[in-house]
1. Rounded, prolate or oblate, given the Cα gyration tensor of segment 299-349, with a/c below 1.5 counting as rounded?
2. Out of residues 5 or more away from residue 114 or on other chains, whose amide H comes under 5 Å of its own, with H placed 1.01 Å from N in the peptide plane?
3. Does segment 1-134 come out rounded, prolate or oblate by the C-alpha gyration tensor, with a ≥ b ≥ c the root eigenvalues, rounded set by a/c under 1.5 and, if not, prolate when a/b is larger than b/c and oblate if not?
4. Give the residue from 58, 240, 163 lying farthest towards the positive end of the charge dipole for the chain; charges sit on Cβ (+1 for Lys and Arg, -1 for Asp and Glu) and the dipole is referred to the Cα centre.
5. Please report, in debye to the nearest 20, how large the charge dipole of the chain is about its Cα centre when each Lys and Arg carries +1 at its beta carbon and each Asp and Glu carries -1 there.
6. Can you give the angle from 0 to 90° between the axis of helix 14-25 and the longest principal axis of the chain, with both taken from C-alpha atoms, to the nearest 10?
7. Determine the calculated [θ] at 222 nm for the chain from helices alone, applying -39500 (n - 2.57) to every DSSP H run no shorter than 4 residues and normalising by the residue count; nearest 500 deg cm²/dmol.
8. Scale the Cα Rg of segment 113-171 by the rule-of-thumb value 2.2 N^0.38 Å and send over the ratio, two decimals.
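Since every read-out is calculated from the coordinates, none of them should be taken as a lab result. In this text the structure is predicted, and so the values were computed from the model without any measurement. Positions of Cβ are generated from backbone atoms using ideal geometry, with glycine treated the same way; all protein chains shown enter the neighbour counts.
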Amino acid sequence: MTPLYDTHIREVSEETITHAADLIRSGAVVAFPTETVYGLGANALDSAAVARIFEAKGRPSTDPLIVHVLSEVDLRELVTGIPPQVSQAIADCWPGPLTFVLPRTEKIPDLVSAGLDTVAVRSPSHPVARALIRAAGVPIAAPSANRFGHTSPTTAQHVYADLAGRIPLILDGGATTIGVESTILMVEGDRARLLRPGAVPVSVLRRYWPDLEIVSRYAQVEEGAVPAPGMLLKHYSPRAEVRLYDGTDEAVRTALREAVTTLSAQGQRVGLLVADDDLDAVAALDVPTVALGPLSDLEQVAQRLFAGLRELDATGVTVILARLYPPEGIGLAIRDRLIRAAEGRITKV
Ligand code: TXA
Ligand code: MG
């Protein structure tokens, strides 16, 4: 049983960082902002503390965590070796939203890596995350600070909505700037595989790994496939059912209008998650609508994506209809999160 906590949301000050670091060192979990999404952190070297993360999230212990460190020097303690390409990528991309999966040393408890012989590590750039790691003096294991399978949190209020009563403290650093989780790269010797697209785009990774392999994250759509840890299709899900439309802008807008009419006639309460460019085409429908930003600014769309899903959910809609975005740059990560939120329900138009 998870103990009941009086969950405090605290503005960040030197005192709150010290308090949060004390909690981490004492084996408790604390939610904190990173540049991607809020994390639910515990001392990565303390198995009992890490177990509290799984308990608070309701996360199965088969799903490994990401360890947060300050620098490559800290990484060296946790993995058996750092290939030269990783050092080069670190020099250019750390601190930042790039996670490496590498063979682990025995410093890492089994629970952190779900019994695998590798560990995922990144160095966040958010000043609050860095201050917390520095003050705690230990690497911090942290998944996204949401209930398992739910939409990732991009504000302290999102964390509160999911985890109030289950954790003692949320450090409030405002809305996160990137809004989707880090890029995850599995590195084996000279080879690298993209396990999760994120803010660091494929074009940047190909500078270090020209033959970078892109792993399909939608294993469950392919019949009979057994998904690897973290590859479950159902993920990032709001309460409402999400349905996606993929095609030319005009075709998508027509399909959205038709679907709103059909589904509303069937008694569904429909919400729309669109780009600013779509607004004129759907304005007359008079259903809850969230516009994430212009198609020309996918960074903004990414930053608002999870908040948009939560906002529509809060209106009580039963179905969320959304457009897909081009798979370029951070668009690949946006597509990935939407496809998983929709559990693969895509209509090509
Ligand atoms: O941006 C982020 O990465 C955020 C912030 C808090 O840093 N964290 C995050 O953690 O997204 P989480 O737990 O939601 O995602 C961790 C995922 C796992 O689900 C799994 O897919 C992958 O990282 N992972 C972790 N360790 C792994 C390993 N040893 N092998 C393969 N995949 C691993
Ligand atoms: Mg997560």
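1. In terms of gyration-tensor shape, oblate.
2. 65
3. Cα axes put segment 1-134 in the oblate bin.
4. 58
5. Result for the chain is approximately 520 debye, rounded to the nearest 20.
6. Orientation of helix 14-25: about 70 degrees from the principal axis.
7. About -9500 deg cm²/dmol.
8. On the way: Rg = 13.1 Å, N = 59, 2.2 N^0.38 = 10.4 Å.
Scaled against compact globular proteins, the figure is 1.27.
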